[in-house]
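The values are calculated or read from the model by the stated rules, or taken from the named source; none is laboratory data. Predicted, not measured: the structure shown is a model, and the values here were computed from it. Here the Cβ positions follow ideal geometry from the backbone for every residue, glycine too, while neighbour counts run over all protein chains shown.
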Amino acid sequence: MSFHFTTPHETNAHIANLAACSMVLSTCVLPGQNPRGTPEKVCQDAVLVEVCESSVLVGLFDGHGVEGEKVAAFCVEFSRQYYRDHVFEFKHDPSMNLTLLCELCDRKLKDNAQLNCERSGTTAVLAYFNDHGLCVGSVGDSRAVLAFLPQKTHEEFTLSGEQPEKPKRKKETNPYRREILPSRVLDFTQATIDQKPESKEELTRIVKAGGCVEKAKDGRGVRVGPYRVWKRGANYPGLAMSRSIGDRAGEQCGIIATPIVKAFRSHPQSDQFLVVASDGVWDVLDNRDCVNFVERYRRGAQRTCQTAVSKANPRVSNTTIAHLLCEEARLRWLGIVEDEGVMIDDISCVVVEMNSSGPELGRGPESPRASPVLPDTEEEKEEFNVEDLSAQPTNLMARNDAKRGSMAEPEPLQDMLDGS
């Protein structure tokens, strides 16, 4: 069986000039799809890029539930307007204002009579840049990763929560995955913390509020997939994250909209790029794979949308690095489709290239510990090509399980709790 990939819901590029650096910001949202064709999947991811008063706000929202796409769209517009109205307050205290933005957005969403967010919500990653540095707030399990030259220790001076674990490398067995060899090896740090309900701090809050944390059961009664949050004695909300904007039903079992905020001082001579992405990317690429991919292909990619972006046959030479990264993730989803027979998730990202001011964006100074930059040959620029990937045969299994997705459906989960 073969199928054709959906075209991007959104793909764009922006340039922002701050005093300390120039930025190239590219965005892409690829709608998920059911390889069997029906039912058609509604895209619930949304992104935001806003430049104002020598600062930049980037946002990414991954909605879930029946009204997930409306919740994500609401959050984009609320965040845009809040940032415009409080741009000078952001400069004074970005951490506090990212927190206020998320919490106020949650309240306004729940007060909106036209949106039913009882069992619908969204993740959020908001990244604020100014000449002093970067501040990132996150709600849920969308993620941001910061890449930089291994010149010196990258200083992180505000941290709420525990350090994320380094991804473990596994032997590659998936034919849809490939090793990405970058032109130089960068260091990176995870700029957000995946907020999972089984972590100690989150679990304590959930249990105290009247919730419980358990995996869902499949049709054979076997517990599968990620840990989820349930109201004790009930079969909802079934969230696979411990924080969310929206999800009114989760309030009574410890789900909150307060972001975890981390801040980083600016290092214009070593900072390279920030990748903000939904779990449509992170489910199939780990942090190292993502950084390697962006570093390898970003210099040949489009940096503005003055040149028409090819949606049907994206190549390095005709589209943005954000689009290329999403296409790489979608290729890797084919392996999951074969193994599990699930839908391809919505895939979205924002790539922010932070470059030293100067004519050659993206290179920065060389580091003694960084590999030499290889020349950007035409052969390398044309190497990434996803043409005809959608025609590859897939072994589509009709299976309905709760192993994937941010939210478990309530009806198949009547017996998911062990009497708790």
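Can you name the residue in segment 254-286 that is among the hydroxyl-bearing types (Ser, Thr, Tyr) and in contact with a Lys or Arg (Cβ under 9 Å, 6 or more places away or on another chain) and is also farthest from residue 120 (Cα to Cα) among such residues? Of everything passing the filter in segment 254-286, 270 is farthest from residue 120 (Cα to Cα).
Taking segment 297-309 as the range and being out of contact with any helix residue (DSSP H, G or I) (no Cβ under 6 Å at 6 or more places or on another chain) and either surrounded by fewer than 22 Cβ atoms within 10 Å (Cβ to Cβ) or modelled with pLDDT of 95 or more (or both) as the test, the residues that pass are 299, 303, 304, 305, 306, 307, 308, 309.
Confirm whether residue 102 is in contact with a Pro (Cβ under 6 Å, 6 or more places away or on another chain), outside any loop (DSSP other than H, G, I, E, B) and over 20 Å from residue 16 (Cα atoms). Yes, satisfied.
Kindly indicate which of 304, 320 is of a type in the set (Val, Ile, Thr) and over 21 Å from the mean Cα position of the chain (by Cα).
On the way: 320 fails: over 21 Å from the mean Cα position of the chain (by Cα).
None of the other options fit; the residue is 304.
The set of residues in segment 337-352 that are within 18 Å of residue 327 (Cβ to Cβ) and either at pLDDT 90 or above or crowded, with 19+ Cβ neighbours inside 10 Å (or both) comprises 337, 344, 345, 346, 347, 348, 349, 350, 351.
For segment 68-78, a tally of residues being in contact with a strand residue (DSSP E or B) (Cβ under 8 Å, 6 or more places away or on another chain) and surrounded by 24 or more Cβ atoms within 10 Å (Cβ to Cβ) returns 4.
Scan segment 231-247 for residues that are in contact with a helix residue (DSSP H, G or I) (Cβ under 7 Å, 6 or more places away or on another chain) and part of a strand (DSSP E or B) and jot them down. The answer is 231, 237, 238, 239, 245, 246. Only a single criterion out of (1) closer than 26 Å to residue 191 by Cα; (2) surrounded by fewer than 24 Cβ atoms within 10 Å (Cβ to Cβ) is not satisfied by residue 13, namely (2). Please indicate, with yes or no, whether at least one residue in segment 30-40 is at pLDDT below 90 and part of a strand (DSSP E or B). Checked segment 30-40: at least one residue is at pLDDT below 90 and part of a strand (DSSP E or B).
For segment 96-145, filtered to residues that are acidic (Asp, Glu) and under 16 Å from residue 79 (Cβ atoms), the residue that is surrounded by the most Cβ atoms within 10 Å (Cβ to Cβ) is 106. Just give me the residues in segment 250-260 being modelled with pLDDT of 95 or more, at negative phi and surrounded by fewer than 24 Cβ atoms within 10 Å (Cβ to Cβ), in sequence order. Listed by number, the residues that qualify are 256, 258, 260.
Of all residues in segment 119-142, those satisfying the criterion of being within 17 Å of the chain's Cα centre (by Cα), of a type outside the set (A, V, I, L, M) and not in a loop (DSSP other than H, G, I, E, B) are 121, 122, 128, 135, 137, 138.
Among the residues in segment 289-303, are any assigned to a strand (DSSP E or B), more than 22 Å from residue 215 (Cα to Cα) and small (Gly, Ala, Ser)?
Start the filter on segment 289-303 by keeping residues that are assigned to a strand (DSSP E or B), which leaves 302.
Subset that is more than 22 Å from residue 215 (Cα to Cα): 302.
When the remaining residues are screened for being small (Gly, Ala, Ser), the result is none.
Among the residues of segment 289-303, not one is assigned to a strand (DSSP E or B), more than 22 Å from residue 215 (Cα to Cα) and small (Gly, Ala, Ser), which makes the answer no.
Within segment 191-225, the set of residues being crowded, with 19+ Cβ neighbours inside 10 Å, outside any loop (DSSP other than H, G, I, E, B) and touching a strand residue (DSSP E or B) at 6+ places or on another chain (Cβ under 7 Å) comprises 203, 206, 211, 212, 213, 216, 217. Answer with yes or no whether residue 46 is over 14 Å from the mean Cα position of the chain (by Cα) and of a type in the set (Gly, Ala, Ser). For residue 46, the condition - over 14 Å from the mean Cα position of the chain (by Cα) and of a type in the set (Gly, Ala, Ser) - is not met. Here residue 271 fits the description: in contact (Cβ under 8 Å) with a residue 60 or more places away in the chain, more than 18 Å from the chain's Cα centre (by Cα) and crowded, with 19+ Cβ neighbours inside 10 Å. Residues in segment 80-92: is at least one in contact with a Gly (Cβ under 7 Å, 6 or more places away or on another chain) and among the hydrophobic types (A, V, I, L, M, F, W, C)? Within segment 80-92 (the criterion being in contact with a Gly (Cβ under 7 Å, 6 or more places away or on another chain) and among the hydrophobic types (A, V, I, L, M, F, W, C)), the answer is no, since none of the residues qualifies.
Checking segment 55-66 against the condition returns no match, with no residue being part of a helix (DSSP H, G or I), more than 19 Å from residue 264 (Cα to Cα), of a type in the set (Gly, Ala, Ser) and at pLDDT 95 or above.
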